[in-house]
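Beneath this line is the structure, given in structure tokens, with notes to follow.
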Amino acid sequence: MNSTRLFAPLALALAVVALPAYAQESPYIVTYDHYLEEPGSLEVEYFSTFGTQRGGNDFHAFWAEFEYGATAWWTSEFYLDGQTTFNDSTIFTGFRWENRLRLLQREHFVNPVLYIEYEQTSGADKILKEVEGHDVESDYAVPNAIARQEHDHELEFKLLLSKTFSGWNVAENTIATKNLTGGNPWEFGYAIGASRPLTLKASANRCNFCRENFIAGVEMYGGLGDRYSFGLPNTSHYLAPVVAWNLPSDWTLRLSPGFGLNDNSHRFLLRWGLSREFSGFGAAMARLLGGR
Amino acid sequence: MIPSTVRRSGLPILLVTLPLIFTWAVAQSDNSTPKKNSVYAELAKAPPKAAARHNPLASDPNAVAAGSKLFQLHCAECHGEAANGGRKGPSLRADEVQQATPGTLFWLLTNGVVRRGMPVWSKLPEPQRWQLVSFIKSLSAPPKS
């Protein structure tokens, strides 16, 4: 199947049949809570990360994300990554395919979700979607021409634990990653986050600037070493306030300034994202491809 | 040639297994949608303590209007704009729903019916879920033709 035949129905479904849907999106950029995409909905997202770099050039990394709710307990996502390193070049750095599986049918005191990802990226990937192992700032100072020659095939597993109470969401992610190229050991990392809407009751009218449309919080993430040297030495860590603005016009905006917590971390990361959810995408695709 | 580390890691197993699971999941999802009676049966599974909860916003004059707005934003796509039922979700004007206690509806909203395609809605703050319950309970039964 050539690319035109593959993507034409997808674009047509998005443009004509699938309806934009209001989403109550979390403000996290790195941390995952236990909420999955609504079944049959497609969320298209764009994210950017501007990072400062000591001993090298600052960079702007970006990724596009296509998140599909296969069922109420399974969400699948596809990412395309790239980056611009100032005074260097702009390059495509790879793709990721992630799946999140809800393990329990109902809400419990803590709600676990299993995360499985395969990624094929180059050594020049700088999106910092997660920090693991001994990832440190100096790794990102390598010029693109050299860094892109390294090819990584990684399997990444996360256990996502999340709970919402009194309007607060608290989430914790434990990360284990195995680079399948070379003899790299398992690497570990973490992400934790807490967030809350600015107000818990909804107003009676549709409005852009209602406090209920804003969710604010904070997240912290970093590496935990690897199988042979587990712990905090030679790891990087970040603390980042986060805010999301869920617009009734179906768009969600996210903003997060992040601050490195030790000398191994980038001093400053500014992240922002824009997303839109399309409900009924799965049914529209099925109809366009001749299904029910 | 596949590197030995890749073979040991089970990547080929993963690449075969995931599409199979995906196909099964979609089949499960499709099978679940028309069985609306079984979705209503989920209401009976609410624990007595949850079913007995009272709606703290029952006397809030804005609760139904706010619930109506939330319904259009989050629920109408599946349950229909008039809550008469849609392609994926059952009617919320049915007797099974209208006769359920507010606590039961709140419990169902919070926990979803994940196996049958209804997501959990605990990501909406509790007051918003109660506003939705207020709106759902305000719906009258559909006119009989």
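Mind checking whether some residue in segment A:169-177 is in contact with a strand residue (DSSP E or B) (Cβ under 8 Å, 6 or more places away or on another chain), crowded, with 20+ Cβ neighbours inside 10 Å, farther than 24 Å from A:Ser229 by Cα and within 12 Å of chain B (Cβ to nearest Cβ)? Explain how you work it out, then say what you get.
At the first step, the residues of segment A:169-177 found to be in contact with a strand residue (DSSP E or B) (Cβ under 8 Å, 6 or more places away or on another chain) are A:169-177.
Now drop any that are not crowded, with 20+ Cβ neighbours inside 10 Å, which leaves A:169, A:171, A:173, A:175, A:177.
Next, from what is left, pick out any that are farther than 24 Å from A:Ser229 by Cα: A:169, A:171.
Cutting the leftovers down to within 12 Å of chain B (Cβ to nearest Cβ) gives us A:169, A:171.
Looking for residues that are in contact with a strand residue (DSSP E or B) (Cβ under 8 Å, 6 or more places away or on another chain), crowded, with 20+ Cβ neighbours inside 10 Å, farther than 24 Å from A:Ser229 by Cα and within 12 Å of chain B (Cβ to nearest Cβ), one finds at least one in segment A:169-177, hence yes.
So which residues in segment A:186-198 are crowded, with 16+ Cβ neighbours inside 10 Å and more than 7 Å from chain B (Cβ to nearest Cβ)? Before you say what the answer is, go through the steps one by one.
Applying the first criterion (crowded, with 16+ Cβ neighbours inside 10 Å) to segment A:186-198 yields A:186-197.
Selection gives A:Trp186, A:Glu187, A:Phe188, A:Gly189, A:Tyr190, A:Ala191, A:Ile192, A:Gly193, A:Ala194, A:Ser195, A:Arg196.
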Checklist entry - Within the group B:Leu92, B:Leu70, which residue is touching a residue at least 24 places away in the same chain (Cβ under 8 Å), of a type outside the set (Ser, Thr, Tyr) and away from every other protein chain (no Cβ under 13 Å)? => result B:Leu92
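Among B:Gly86, B:Gly112, B:Gly80, which is the only one that is more than 22 Å from A:Trp168 (Cβ to Cβ) and either buried (at least 20 other Cβ atoms within 10 Å of the Cβ) or at pLDDT 90 or above (or both)? Can you show your working first?
Numbers: B:Gly86 fails: either buried (at least 20 other Cβ atoms within 10 Å of the Cβ) or at pLDDT 90 or above (or both); B:Gly112 fails: more than 22 Å from A:Trp168 (Cβ to Cβ).
Being more than 22 Å from A:Trp168 (Cβ to Cβ) and either buried (at least 20 other Cβ atoms within 10 Å of the Cβ) or at pLDDT 90 or above (or both) holds for just one of B:Gly86, B:Gly112, B:Gly80, which is B:Gly80.
Given the residues A:Lys129, A:Lys201, A:Lys158, which is the only one that is buried (at least 16 other Cβ atoms within 10 Å of the Cβ), without any contact (Cβ under 8 Å) to a residue 40 or more places away in the chain and of a type outside the set (Asp, Glu)? Give the derivation first.
Details: A:Lys129 fails: without any contact (Cβ under 8 Å) to a residue 40 or more places away in the chain; A:Lys158 fails: without any contact (Cβ under 8 Å) to a residue 40 or more places away in the chain.
Exactly one of A:Lys129, A:Lys201, A:Lys158 is buried (at least 16 other Cβ atoms within 10 Å of the Cβ), without any contact (Cβ under 8 Å) to a residue 40 or more places away in the chain and of a type outside the set (Asp, Glu), namely A:Lys201.
Residue by residue through segment A:211-246, note down the ones that are within 18 Å of B:Gln128 (Cβ to Cβ) and without any contact (Cβ under 8 Å) to a residue 60 or more places away in the chain. Don't jump to the end; show me each part of the working.
Filtering segment A:211-246 for residues within 18 Å of B:Gln128 (Cβ to Cβ) gives A:211-217, A:244-246.
Across segment A:211-246, the qualifying residues are A:Arg211, A:Glu212, A:Asn213, A:Phe214, A:Trp245.
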Item to check | Filter result (surrounded by fewer than 24 Cβ atoms within 10 Å (Cβ to Cβ) and either at the interface with chain A (Cβ under 9 Å from one of its Cβ atoms) or modelled with pLDDT under 95 (or both)) within segment B:126-136 | outcome: B:Glu126, B:Pro127
Checklist entry - Out of segment A:80-123, which residues are in contact (Cβ under 8 Å) with a residue 60 or more places away in the chain and touching a helix residue (DSSP H, G or I) at 6+ places or on another chain (Cβ under 7 Å)? => result A:Arg102
Checklist entry - Among the residues of segment B:42-68, how many are of a type in the set (A, V, I, L, M), surrounded by 13 or more Cβ atoms within 10 Å (Cβ to Cβ) and in a helix (DSSP H, G or I)? => result 7
Item to check | Boolean, B:Arg116 is farther than 14 Å from A:Glu38 by Cα, in contact with a Ser or Thr (Cβ under 8 Å, 6 or more places away or on another chain) and among the basic types (Lys, Arg) | outcome: no
Checklist entry - Could you list, in sequence order, the residues of segment A:120-150 that are in a strand (DSSP E or B) and either closer than 19 Å to A:Tyr28 by Cβ or away from chain B (no Cβ under 14 Å) (or both)? => result A:Thr121, A:Ser122, A:Gly133
Next on the checklist: Just to be sure before I move on: is A:Thr75 among the β-branched types (Val, Ile, Thr), surrounded by fewer than 22 Cβ atoms within 10 Å (Cβ to Cβ) and more than 9 Å from chain B (Cβ to nearest Cβ) in the structure I sent?
Outcome noted: no
Next on the checklist: Can you pull out every residue in segment A:142-153 that is surrounded by 14 or more Cβ atoms within 10 Å (Cβ to Cβ) and under 23 Å from A:Asn264 (Cα atoms)?
Outcome noted: A:Val142, A:Pro143, A:Asn144, A:Ala147, A:Arg148, A:Glu150, A:Asp152
Checklist entry - Which of the residues that make up segment A:233-292 are within 22 Å of the chain's Cα centre (by Cα), crowded, with 19+ Cβ neighbours inside 10 Å and modelled with pLDDT under 95? => result A:Asn246, A:Glu277, A:Phe278, A:Ser279, A:Phe281, A:Gly282
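The values are calculated or read from the model by the stated rules, or taken from the named source; none is laboratory data. As the structure is a prediction and not an experimental result, all values here were calculated from the model. Cβ sites come from the backbone with ideal geometry, for glycine too, and all protein chains shown count toward neighbours.
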